Structures are given as structure tokens and as C-alpha cells.
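What follows is a single structure, written as C-alpha cells, with notes after it.
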Amino acid sequence: MNKQLARVISFAKKKPVITIGTVIVVLILVTGGAIREFQSRRFMKPVEIQNLPLSYQLVETRHFYEDLTEEEKEIYHKLEYLLDHYIGGEVVLEQPISSRSCFRVETALREDSEKYWYYTHLRPYDEKYMLVNAVEEQENPDKLIYKLILIVESEVYRRLMNETFANYKHSIDMLNELTEESDLIETLGINVDYIAYIFELTYGLPYYSEMAGRLKNKLPEFLNDLPDGIDRADAIQNYSQWLNDYLTTDPNYSEELYNDIIDCIAGLNELNSDLSYYSEMDARVEQKLQEIINEIPKGSNQEEAVQYFSQWLVDNMVYDDVFNEYITTNNYDLIDINKQLANVNITSINNGEGVCTGFVFVLNALCRRVGIDAYFVSGYVRGLAYGRHAWSAIIIGDETYYKDPTFEIGNQEVRPLRTSAQFYHSGGYKLFDWFEDLWKQ
């Protein structure tokens, strides 16, 4: 007899008047728990996986690309051309596309392969040169994209980003350290000057000096809109939000800012003339992948190879907790651009540290190099407050199985391959709404 049920019955015999309802409730709970436990065990039961040999032939299937429309593929190829030449730049669309189509193209470029590890940002703009959040605007048919700006990683880009964040942090620290006695408009004016200075110093764009003048002219208007009696700390917080909104959403200066970004990227492309950075990084990654593949136990089938790769990740990779803390807290003291650019993609294999996306790219790359098809999946997972997460889909024979290398690394435990029913039932995983129906026309 279930021990919990026996205790309840024993207690009921002593106090029958007050425990009849309790017994009924517990019976329901115990029965429900037993059913859930049975279901969980049923779904966790190991599956029979086809015993297929390794071909060691590179799998180059592009799952997301194959689902793009012809119009989306044309845009994809224009961006692919820039990436293949390691340059950022502008793509002016012949016909505007929906935010949804833009996001489909971006997903295909970023997640179909580890090849474009240096692909950093794709910035979509509407007809008024305003930046569009393609994820949030997917269901808005009126929000159309007219232009795209592609930004790629380079040694120069890393250096400039490190300088920019260091200077921005310094400007925030300076703002916080100004004395309480100083005039608020003088304080904010000094900050505007400093922000303009660091942008001009970092990017060499005189536009930011003009921007500072415009901002200072608008400061009195901002101060007049502040609620009566607001304290200084809240006023500065409001100012930070106002400044961010002004720089990203003010239509009066959006075209100027857009053109300055184009000029800046052109300058980065000129400075990025030595392409050995990319070939050397590719060579380091490929050498590491081949070293791992060369150690596959002789005679391993596809399932065993996947498990071997998983064990290698568990033994040799660690999760970058500092990156996660920065993402959740926006603490600029934690910023390390070099690590953050590396840890989200295949280059995480070089330093043995990464986050979920980096681990998935490594596992998928290893699988594809021995003839096992694998692709990128993203969504939520319970335990991370349903925060953004990524895992691998691995195809063996006619079945698709799933693995979460981040979970395995964190728990130092390699788990069996699981079917869709097993993985999504027992693991608390849920696809993003936009991912689940992303490829439905």
C-alpha cells in the first residue's frame, strides 16, 4: 500500500469526523500523482534508435532556408553575398517585406549553419528610416521593412565596441557621481556633451556634436515635462530613458542617423581589409572539431557518436554565468565584448566557455561533419523563468530526436536522445510562439 495513503487512513481512524474530506482529497492527489508518474516514466522510456553507421560526409541541409519564399530567398542571397565577403552594409529592398518575412530571413541566416559566426546584427528599417523590431512586429501587417543594415564582427568592431562600452559606463558613472548641489540642467548638459564626445572619439562621426547641440536645446522641454516634486535620482532615470528614446525613435533625425550608420559601416569595412582574422578563426574551429571527431570510438554508430559528442561537451565546456548575469541585470561592469561575441556561436569551442546557442552550434557542427543531420531550435525552458533558450534537433534515420547540451553541461550528465513527445512532455520545454509557426505560410 502507498505509505502516504496508509498514514492518511491511520489518521482517519483516530479522527473520523474531521478527516473524511481530507482522505478524499488525498486519494485524488495520490491517484493523480501516480498517473503523472506513470506517464512521465512512459515518456522517458528509452526509444529504439536505428543502428546506422557514420558516413563522415558533411551534411549541408539548410532547413530554414528551404522553407523561405522565393522573395525571401532573394533577400537572403543579397545578405549572404555580404557575409561571404566579410563586409557589412545596406540592402535596399526592391519591394517592402513584412516584419515576419524579415525575421524568417534572419533566422535562416543565423541558425541554419555555424558558418556565419561573425554575423552580428541585422537592423531592419521602415520607409521613414525608423528601426523596426521584427520579432515584436511579426503580427502587424502594416509594419513593412524597406531597408536592411547588416553588421559583421571583425577585430576592429570588437575593439570599437569595447571602447564604446567602457566610455559609456564611464559616462554613467560620471553622471551618478555629480554632486547633489549642481544644477540639474547643467548636469544633464554635461552628460550630453560627454556622450557626444565618446561617440565622436570612437566612430569619428562629427554628426554626434550636432546631435549634442540638438539634445541640449531640447533639455528645457524635457525638464518642463517632469512631474512636480520628482526627486533627482528619478529625474536622471527619466532622462536616461528619454535620451534612449530620442536617439532611436525621433523621426526628425532618423534619416541622418541612418546615413551616419551606413558611413560608419563603410569605414569599418575599409579598416577590415585584413581577412586573415576570419580564416584563422575558421581554421582554429575546424581543427578543434576534427580533433574531437578523430577520437570517436571505433565502430560507433550515429547514436553512439552523438552521445560521445555530448560527453565531450560535458567534459570540456562550461557555462558562462557572467554573460547570463549581464543579460538579466544590464550591469555594464560585467561586459566583455570578446567573450560575449565568441560564446554565442561556434567559436565558443576555442575557449571552452559558452552559452546555450554556442553549445548547440558546436554539437550540431560535430554531428553534421560525420553525416548526422542536426538543426537549431529555440524556445523557453522551465527553470529559467521560461527565458530564451536553445537546443538541438538531431535526425537519425526517419526520426528526429532532441538534446539540450546546456542542461547536460550544467548537470554533468549525458542524457539519452529523446523523441519530440519525450522531450517536450518531460523537460519543460516550449517552442517560442513565433518559432512554432514561423514557417507556416
Condition met for residue 217 (over 32 Å from the mean Cα position of the chain (by Cα), exposed (fewer than 12 other Cβ atoms within 10 Å of the Cβ) and modelled with pLDDT of 75 or more): no
Of the residues in region 320-343 that are touching a helix residue (DSSP H, G or I) at 6+ places or on another chain (Cβ under 6 Å) and outside any helix (DSSP H, G or I), the one that is modelled with the highest pLDDT is 320
Here are 76, 56: which of them is surrounded by fewer than 13 Cβ atoms within 10 Å (Cβ to Cβ) and at pLDDT 95 or above? 56
Strands (runs of 3 or more DSSP E) contained entirely in region 344-415, each with at least 2 residues that are aromatic (Phe, Trp, Tyr) and under 20 Å from residue 305 (Cα atoms): 373-381, 399-403
Checking the structure you have, find out if any residue of region 391-399 is within 22 Å of residue 340 (Cβ to Cβ) and out of contact with any Asp or Glu (no Cβ under 6 Å at 6 or more places or on another chain). yes
Residues of region 285-301 that turn out to be assigned to a helix (DSSP H, G or I) and loosely packed, with under 13 Cβ neighbours inside 10 Å, as a count: 4
Report, by residue number, each residue of region 253-284 that is among the charged types (D, E, K, R) and outside any helix (DSSP H, G or I). 274
Can you pull out the residues in region 136-163 that are outside any strand (DSSP E or B) and under 23 Å from residue 82 (Cα atoms)? 153, 154, 155, 156, 157, 158, 159, 160, 161
Of the residues in region 70-107, those that are over 21 Å from residue 133 (Cα atoms) and in contact (Cβ under 8 Å) with a residue 60 or more places away in the chain come to 82, 83, 86, 87
Based on this model, can you work out whether residue 346 counts as under 19 Å from residue 388 (Cα atoms) and modelled with pLDDT of 80 or more? yes
Test set (1) at pLDDT below 95; (2) outside any strand (DSSP E or B) - residue 94 fails condition number: (2)
First in region 261-279 and among the hydrophobic types (A, V, I, L, M, F, W, C) and at pLDDT 85 or above, second anywhere and exposed (fewer than 15 other Cβ atoms within 10 Å of the Cβ) and not in a helix (DSSP H, G or I), Cβ under 9 Å, 6 or more apart: 275/85
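The values are calculated or read from the model by the stated rules, or taken from the named source; none is laboratory data. Just so it is clear, the model here is predicted, and its values are computed rather than measured. Cβ coordinates were reconstructed from backbone atoms using ideal geometry, including for glycine residues, and neighbour counts include every protein chain displayed.
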